[in-house]
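Down below is the structure, laid out as structure tokens.
The values are calculated or read from the model by the stated rules, or taken from the named source; none is laboratory data. Fair warning: this is a prediction, and the values are worked out from it, not measured in the lab. Virtual Cβ from ideal backbone geometry, glycine too; neighbours counted across all protein chains shown. Side chains included, ligands, DNA and RNA excluded: accessible areas come from the protein's heavy atoms. Shrake-Rupley method; radii C 1.70, N 1.55, O 1.52, S 1.80 Å.
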Amino acid sequence: MIEDFANTHKLPKYRSDQFNDQFYKQAINSFDELTTWPSSIREKLKKEVEFSTLDHIQDNYSSAGTTIKTEFKTKDGFPIESVLMQYKDGRNSVCVSCMSGCPVGCEFCATGKMGFNRNLGYREIVDQILYFKRMLKKKGKDVTNIVFMGMGEPMLNLDNVKKAIEIINDPEKMSIGIRRVTISTVGYVPQMEEFFTDKHKPKLAISLHAPNQNIREKIMPKISKLHPMEELFEFVNWYEKNINKRITYEYTLIKGINDQPEHAIELSKLLYQRKALVNVIRFNPSIILPFEKPNEETVQRFVKILNNRDIKTTIRYSMGDKIGGACGQLHSFNSLNS
Ligand code: SF4
């Protein structure tokens, strides 16, 4: 956006550099704080460019105060949500949305149940991160990691996701290393091929959630019929050969659906000798979803079977489930729809 403004007003390059430093790195709170620019240009900027493409609605804090789910509205009135997770090891990770709602409609996902409004533009994605940068700056901290795991499927909004990643990764702008960016997808194979042959290659997480095609069709009918697991794992073979990085497989354990020992055994066969990390997520109950969370014994039994079969597995500690900010829970209720 600054590029267009700089072109229109024929500003020298150092003015764009000053803008990028103040806006993206220093995370100023308004264009009035862009004091490296003369006030005459600053006033034009205020008239012609929106400081933020999002209106802030509210912050919801977890009881420990370390996870914050923030609700925004786009300028045309659509709700989106983002989550800041502050870890003890110093990481401050922002989970961003790339859509308002989602058209994929996975059966266990609250976002999928709210329907689809529209794709977000790249600025709307970046402005979610800037909001948390400004918040953290007050405590002398900064955003360290980005995960595209909020509302929406990144592979269905590829151009804007790519542009946002360029800004996130640009040393002159946010300067967050590409290895600290994770993109999560349910498996739109052609788009994944396009994305991972392109310049920026963030970490890949695949929302798998099932050990076989039958179960996947039940809980993720749209994507699994369009790109069956066989096709998805052909892509995985290509990725392992060409990118050679570990893939995280997200697996939400849903009571009585995909949480039994035979499912763990089947999953371990699927991932055996692959560069894989299984991230087990306890299903996050929601009043709009007809599924239940498995008990702790079932979760531990599932993980033990995977570990015994040499499949590296972690259990995701859900930081935001009490505030509706955990995986698969982002769904705008209340004032956002009014
Ligand atoms: S799991 Fe992801 S792709 Fe599926 S409905 Fe939810 S947000 Fe969309």
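Within the chain, what percent of beta bridges assigned by DSSP are antiparallel, to the nearest 5?
Around 45 percent antiparallel, to the nearest 5.
Roughly what percent of Cα-Cα pairs across region 1-51 reach past 16 Å?
Cα-Cα pairs in region 1-51 separated by more than 16 Å: 28 percent.
Once fully extended, how much extra length lies between Ile178 and Tyr61, figured as 0.36 nm per residue of separation less the alpha-carbon to alpha-carbon distance?
Net length gain for the segment: 39.3 nm.
So what is the calculated 222 nm ellipticity per residue for the chain, using -39500 (n - 2.57) for each DSSP H run with n of 4 or more, over all residues, to the nearest 500 deg cm²/dmol?
Helix-only estimate at 222 nm: -10000 deg cm²/dmol.
What ³J(HN,Hα) values, in whole Hz, does the Karplus curve 6.51 cos²θ - 1.76 cosθ + 1.60 give for region 211-223 when θ = phi - 60°, with x put for Gly and Pro?
Result, ordered by residue: x, 8, 5, 4, 5, 4, 5, 6, 9, 9, x, 5, 5 Hz.
Which value does Rg/Rh take for the chain over its C-alpha atoms, Rh per Kirkwood?
Looking at the chain, the ratio lands at 0.99.
Excluding ligands, DNA and RNA, what is the solvent-accessible area per residue of the chain at a probe of 1.4 Å, expressed in Å²?
Each residue of the chain exposes 45 Å² on average to a 1.4 Å probe.
Sort 98-107, 276-285 for me by packing, meaning the mean count of neighbouring Cβ atoms within 10 Å per residue, highest on top.
98-107, 276-285
Using a Gaussian network for the chain with springs between C-alpha atoms less than 10 Å apart, which of these wobbles most: Lys25, Lys75, Lys13?
For the chain, modelled as a Gaussian network with Cα springs under 10 Å, the answer is Lys13.
Please figure out what share of the DSSP beta bridges in region 84-189 is antiparallel and state it in percent, rounded to the nearest 5.
50 percent
Given 5 Å bins starting at zero, what is the percent of C-alpha pairs of region 136-275 in each, up to the one with the largest pair distance?
Percent of Cα pairs in each bin: 2, 9, 18, 21, 19, 13, 9, 6, 3, 1, 0.
Among Lys88/Lys138; Lys10/Lys133; Lys75/Lys163; Lys133/Lys173, which pairs are too far apart, with a Cα-Cα distance over 22 Å?
Those over the limit are Lys10/Lys133.
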